[in-house]
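Notes for the one structure printed next.
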Amino acid sequence: MVQESGNEVQRPFWSGRPVIDCDLHNEVPSLEALKPYLADHWCAYIEESAFRGPDADDYPKGAPTTIRPGLEWEGEVEGQLALMRRQVLDPLQVEFGVLDCAYRVQGVHDPELAAALASAINRWQAEHWLDRDPRLRASIVAPTQSPVLAAREIDRWGADARFVQAVMPVRSLIPYGNRIYDPIYEAAARHDLVVGIQFGGAPGHPPTPSGWLSTYMEEYAAMAQVFQSQVTSLIVEGVFDRFPDLRVALIEAGCTWMPSLMWRLDKEWRGLRRDIPWVKRPPSDYIRRHIRLTLQPLDAPPSDKQLLEVIGQLDSDEMLMFASDHPHWHFDRLEESFPRGLSDSLARRVLAENARSFYRL
Amino acid sequence: MAEHVVATLGEIPPGGRKIAEVEGRSIGVFNLDGQFFALLNRCPHQGGPLCLGQQSGLLQARVPGEYRYTRVGEIVRCPWHGWEFDLKTGRSWFDPVRTRVRSYRVRVQARESESGGCGEEAGHRPGPYRAETFPVSVRQHYVVVEIP
């Protein structure tokens, strides 16, 4: 994702300002790495059944979006962390970097095994990532398909200030506004944590409402539709009325679709709000108050000018939060990971201050 | 100001309404439990015939499930896109300051004072938003709309 000349990584034009990176990937190398944190009977189960982990494969290793060819990323934590430091944390002088582990325990159908894996992953994150680099913050992996068990896992880490959010894949069994998920939102509210909704997931039904897709290209691009459905569901079903302090980060969602969704929801709300009387203000108002978007991968209009127009249409300088999405490959040079032409104050907000206040960093 | 007789009292019983043409305007006159209110029959959104819309109450909720249904009959919804307006003030529910429909004063006036100027008012009390309103009166057998 980042061009390196020799061992030096070029610092981009906007370096020198505080930077908080809201999306760094840490990958569980294998089930072996989790065994020290799993009960004996689960270790035995894994060996006896030849269980290899959940089927979800949101980031196929060979896909050009996943990682630049030739870079070593998979493998042990040391290698992953070294690459992360060399390509992002050090050259950008990142103040805080939020890890978003995308291990999909949601794809494990045994809820107890899913919960055990989630718990193991979080202990592994604490020991192998958070303890190793004080700049890192992490996301609680939780079996969100079983909200009561997920809440239990969130409660386990709520007191560890290095865990700043609970993460859920955007593809879910049923939309996230449904009250079945309330235990998760209650737990997040209890510990003042952000709920992160992240690209991907494998709940067992198609990634679009029109059915199964044929190619990764379709699934990758269509994920924006799933995000839109979740945002709509959260607002319409009154999640933010029931949990007025809840904060939701959309991770790897893109952002250029958001203005049009806000316009659409506001328009329809005027005539249909009697169906949802708990939605007391225009939906865009809920979105600006409760929802944030990470920057990369950034949908790319043909010109910077057009991109700035879309960012302006958000009508908020608080909604975007910088993220490199390391090690996914969306740009060749670090320089390109941040749009040109933002005002100095907006640039500072996007690079660090929005995340600082949202994640209470 | 011009007063216009738009109906006899019996034409608009409580809960009823009538669309009247006054000085080229289409105006809806509503009887809410003996009090009369009049709105321009033109939705500020896209010009729909607002006063032909569903007349019902105000539905509110603090959170899902806690429904509160009040002011039954006092809200009219445009038949075109469902925007809700307060019959008593002409103000929309979702943007009461900027999105509102013109309202007119209505009075019920006794017949014997029909030619005698102000006459008796029958049950009319001024609403809180007088600036935009037009006086309307009912003269015993007549409902009178005031156009400023």
If you plug each phi of segment A:137-154 into the Karplus form 6.51 cos²θ - 1.76 cosθ + 1.60 with θ = phi - 60°, what whole-Hz ³J(HN,Hα) values come out, in order, with x for Gly and Pro?
10, 9, 10, 6, 7, 9, x, 5, 6, 10, x, 5, 5, 5, 4, 4, 5, 4
Pairwise label distance in nanometres, A:ASP110 with A:ARG264, each label 7 Å out on the Cα-Cβ vector
4.1 nm
How charged is the neighbourhood of A:ALA188? Take every other residue with its Cβ under 11 Å from the Cβ of A:ALA188, and add Lys/Arg as +1 and Asp/Glu as -1.
-3
Please work out whether segment A:242-293 counts as rounded, prolate or oblate from its C-alpha gyration tensor, where a ≥ b ≥ c are the square roots of the eigenvalues and a/c under 1.5 means rounded, while otherwise a/b larger than b/c means prolate and anything else oblate?
oblate
Length released on extending from A:ASP182 to A:ASP90, taking residue separation times 0.36 nm less the Cα-Cα span:
29.2 nm
If you plug each phi of segment A:46-57 into the Karplus form 6.51 cos²θ - 1.76 cosθ + 1.60 with θ = phi - 60°, what whole-Hz ³J(HN,Hα) values come out, in order, with x for Gly and Pro?
4, 6, 5, 9, 6, 4, 10, x, x, 6, 3, 9
Report, in whole Å, the centroid distance computed from the Cα atoms of segment B:18-68 and segment A:196-218.
45 Å
Along the Cα→Cβ direction, 7 angstrom out, place labels at A:TYR45 and B:ARG98. What is the inter-label distance in nm?
5.6 nm
Spin-label model distance (nm) - A:GLU76 vs A:LYS35, 7 Å beyond Cα toward Cβ:
1.5 nm
Apply the Karplus parameterisation 6.51 cos²θ - 1.76 cosθ + 1.60, with θ equal to phi minus 60°, to every residue of segment A:323-336 and state each ³J(HN,Hα) to the nearest whole Hz, in sequence, with x for glycine and proline.
7, 8, 6, 4, x, 5, 10, 10, 7, 7, 10, 3, 3, 7
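Read the figures in this text as sums done on the coordinates, not as results from a lab. These figures come from a predicted structure and were not determined experimentally. All Cβ positions, even for glycine, are placed from backbone atoms using ideal geometry, and neighbour counts span all protein chains on display.
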